[in-house]
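Here is the structure we will look at.
The values are calculated or read from the model by the stated rules, or taken from the named source; none is laboratory data. All values derive from a computational prediction rather than experimental measurement. Quick reminder, even Gly has a Cβ in these numbers, built from the backbone with ideal geometry, and neighbours come from all protein chains shown. The area values use the complete protein model at the heavy-atom level, side chains included, leaving out ligands, DNA and RNA. Shrake-Rupley method; radii C 1.70, N 1.55, O 1.52, S 1.80 Å.
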Amino acid sequence: MQKPYLLHMITPEKNLSAFDVNMAFDAGWTAMPYLDVKLEEVAGIIQDTVFSRTAQGLKRTGIFIGGRDMHLAMDMFHAAVKAMVPPFEISVLTDPSGAFTTAAAMVAAVAKQLKAKNGEELTGQKIIVIGGTGPVGASAAVLAAKLGAEVTVLGRAVDKANHVAELCNTRYGTVVEGIHGDAADHIDDLLLETDVIFATAKAGIQVLSEEQIASAKKLKVAADLNAVPPAGIAGLNLHDNGEPLAASTSGAVGIGPLAIGDIKYQTQQKLLVQMYSTGEPLDLHFEHAFEVAMKKV
Ligand SMILES: NC(=O)c1ccc[n+]([C@@H]2O[C@H](COP(=O)([O-])OP(=O)(O)OC[C@H]3O[C@@H](n4cnc5c(N)ncnc54)[C@H](OP(=O)(O)O)[C@@H]3O)[C@@H](O)[C@H]2O)c1
């Protein structure tokens, strides 16, 4: 009898994300929850898992790491990979709070529009990430900065924004231009020089007015992740995917949360299926999510 596909889903939080559980089952996995897990407990879970299955069974066994904190998720990811004892190796995917696949989808969608409308790459673009101190914004900041963009993470408190920027720069060291932190109060000055906006604040909050969009004379692309009314960026519609942004005076285009959500869904689905379909143990995080998202846009 063939062994079932078993995905051991680890989170440091009280609950798994129901979204991720649905995604796992829909991708063909049977999901087993491990809740309130501490970093130092990860290795034990991995070794319990791998030593109980044969080589064929291990191809049908995987680890998913969730939670809300991208840095803790990456620590758990590295602990899981390190705990494997060859040839007892299985695939590991981390996507805390859906942040990696969501950020990957947004950055890929923006890259596509920049190329299509302006013939440009992300390299050298001045990007502001509004509400960039959350897991999605910080992950997007890292991806864009790694591609050579000049990224400023904005939060309501400058200290928190600086801390997030510094942590991202230190931890994901290949950042080219580096990520800066700043207070959301400075947004009007920053908008004068901004090429690209990522709106990643908490759901249900409008972070940019039409007047502010009109003031951004160099704006090329604005992406909004907020699907809960009102729109995060005034005038940007849920399904927009390269449509002109009504208030823009620079001919900028918009990308809405449902267009990004569709790419995010496809990306996460693909990664979950890849974990067992390649027949090789894969270690998958935000950079792999971005590679997949670039093929989906
Ligand atoms: N479309 C999709 O597929 C998809 C998938 C996942 C998530 N999302 C959306 O992506 C966005 C980001 O997700 P997330 O989990 O990273 O968000 P989050 O952690 O809930 O919030 C991000 C940041 O928003 C800021 N914020 C909180 N309350 C605010 C307020 N009243 N006014 C202004 N800023 C406020 C906070 O920064 P400061 O405290 O530093 O100001 C916080 O760090 C959310 O809108 C979420 O719904 C979309």
Picked from region 200-217 (must be over 18 Å from residue 70 (Cα atoms), in contact with a strand residue (DSSP E or B) (Cβ under 8 Å, 6 or more places away or on another chain) and touching a residue at least 40 places away in the same chain (Cβ under 8 Å)), the residue surrounded by the most Cβ atoms within 10 Å (Cβ to Cβ) is 208
| message | Looking at region 224-232, can you tell me whether even one residue there is at pLDDT 95 or above, in contact with a Ser or Thr (Cβ under 6 Å, 6 or more places away or on another chain), under 20 Å from residue 131 (Cβ atoms) and more than 16 Å from the ligand (Cβ to nearest atom)? | response | no
For region 209-220, state whether one or more residues are in contact with a Lys or Arg (Cβ under 9 Å, 6 or more places away or on another chain) and under 27 Å from residue 118 (Cα atoms).
yes
Condition first: open to solvent by 10 Å² or more (accessible area, probe 1.4 Å) and closer than 29 Å to residue 244 by Cβ. Can you find one or more residues in region 149-159 that meet it?
yes
Taking region 32-51 and keeping only residues that are open to solvent by less than 20 Å² (accessible area, probe 1.4 Å) and either in a strand (DSSP E or B) or in contact with a Phe, Trp or Tyr (Cβ under 7 Å, 6 or more places away or on another chain) (or both), one is left with 50
Q. Taking residue 123, is it among the hydroxyl-bearing types (Ser, Thr, Tyr) and crowded, with 24+ Cβ neighbours inside 10 Å?
A. no
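Give the residues of region 94-118 that are under 10 Å from the mean Cα position of the chain (by Cα) and open to solvent by 20 Å² or more (accessible area, probe 1.4 Å), sorted by residue number.
Going residue by residue through region 94-118, those that are under 10 Å from the mean Cα position of the chain (by Cα) are 95-107.
Within region 94-118, 97, 102 meet the criteria.
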Residue 175 fails exactly one of (1) at pLDDT 95 or above; (2) within 21 Å of the chain's Cα centre (by Cα), namely (1)
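Report yes if some residue within region 236-248 is of a type in the set (A, V, I, L, M, F, W, C), within 18 Å of residue 140 (Cα to Cα), in the same structural domain as residue 150 (by TED's automatic domain parsing) and within 16 Å of the ligand (Cβ to nearest atom); otherwise report no.
no
Is it fair to say residue 93 is at pLDDT below 95 and in contact with a strand residue (DSSP E or B) (Cβ under 9 Å, 6 or more places away or on another chain)? Spell out how you get there, then give the answer.
Details: at pLDDT below 95: no; in contact with a strand residue (DSSP E or B) (Cβ under 9 Å, 6 or more places away or on another chain): yes.
When the stated conditions are applied, residue 93 does not pass them.
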Of the residues in region 194-207, those that are more than 11 Å from the ligand (Cβ to nearest atom) and either outside any loop (DSSP other than H, G, I, E, B) or more than 14 Å from residue 248 (Cα to Cα) (or both) number 2
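Within region 66-92, how many residues are within 16 Å of the ligand (Cβ to nearest atom) and outside any helix (DSSP H, G or I)?
4
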Reported set for region 227-241 where residues are open to solvent by 60 Å² or more (accessible area, probe 1.4 Å) and assigned to a strand (DSSP E or B) is 241
Residue hits (region 245-271; without any contact (Cβ under 8 Å) to a residue 40 or more places away in the chain, within 20 Å of residue 128 (Cβ to Cβ) and not in a loop (DSSP other than H, G, I, E, B)) are 254, 257
